[in-house]
Amino acid sequence: MTLLLLRHGESEGNVARVVQGGLTHFALTSLGREQAEAAARRLATVEVDALYSSHLRRARETADIVATHSGLEVIELPDLQEYGFGEAQGLTWDEVSARFEVVGRAWGRGHIPGEEGSTAFRDRVARQIGELAERHENGTAVAVLHGGVIGATVARICKLADTEYAQIYTANCGITEVGVAQDGRLTLRSLNDTCHLRALGGPQTEPWLSEA
């Protein structure tokens, strides 16, 4: 079993430093579309059985580009959507920090009204990824999703407590490969593979990270 988790291409929300979350829809930038094309060409070299996507626009646009190279139909799965940031969604990161006094490790701790919560989010993601692993136990599938979803998957595979976070960063259109270990549990085979982005100058660092 192989699941290739593809983070969406650069979105207008990424560039604007907006907390996009699981409700807001932002289109890909021109660079984001180029990133998606590069990822699509890379994935076209792999025999893939199915193509899944979050329903959010930035993910679905990426998946549609992948589909043009693979010939596969995009299947939307709502549980692949990004973490629900409640009232923070649509605000800039600076606005959230000022309004809710949420910085650093305070994210995902329920300080924002309407926030999904780390445990609920990770349960949702783990359930969906687990279903895909069972569905494709003898094959390979691609899922186009979000950085938070990849982080939640890594955290559960590494058995981190829901109050702990995997200290990772996945670039726009980075690919993370999930497989099955000999004991039947999910395992990470690779994380944030961006080799296909070299012709574009490599992975782009988002503004909030470059200033961290």
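Bear in mind that the values in this text are calculations on the coordinates, not laboratory data. Treat the numbers as computed from the prediction; the structure is a model and nothing was measured. Don't worry about glycine lacking a Cβ; one is built from the backbone with ideal geometry, like all the others, and counts go over all protein chains shown.
Positive end of the dipole of region 24-151 (Cβ unit charges, origin at the Cα centre): among GLY86, VAL96, ALA50, the Cα lying farthest that way belongs to VAL96.
Relative contact order of region 66-146, taken over Cα pairs closer than 8 Å and 6 or more residues apart, is 35 percent. Coupling constants for region 81-95 follow from the phi torsions by the Karplus curve (6.51 cos²θ - 1.76 cosθ + 1.60, θ = phi - 60°), and in residue order they are 5, 5, 4, x, 8, x, 5, 7, 5, x, 8, 6, 4, 5, 5 Hz; glycine and proline get x. Across the chain, Cα-Cα pairs more than 23 Å apart make up 42 percent of the total. Distance between the pseudo-spin-label points of ASN138 and SER190 (7 Å out from Cα toward the beta carbon): 2.6 nm. Among the GluC sites (Glu not before Pro) in region 119-212, those located in a DSSP loop and surrounded by at most 13 other Cβ atoms within 10 Å of their own Cβ are GLU137, GLU164, GLU211. Take every Cα pair under 8 Å whose residues are at least 6 apart in sequence, average their separation, divide by the length of the chain, and the relative contact order is 30 percent. Across all Cα atoms of region 86-171, the radius of gyration (one decimal) and Dmax (whole number) stand at 14.7, 49 Å.
For region 48-120, the alpha-carbon coordinates run over 46, 24, 18 Å along the three principal axes, in decreasing order. Only the Cβ atoms of Lys and Arg (+1) and of Asp and Glu (-1) were treated as charged; on that basis the dipole of the chain about its Cα centre amounts to roughly 300 debye.
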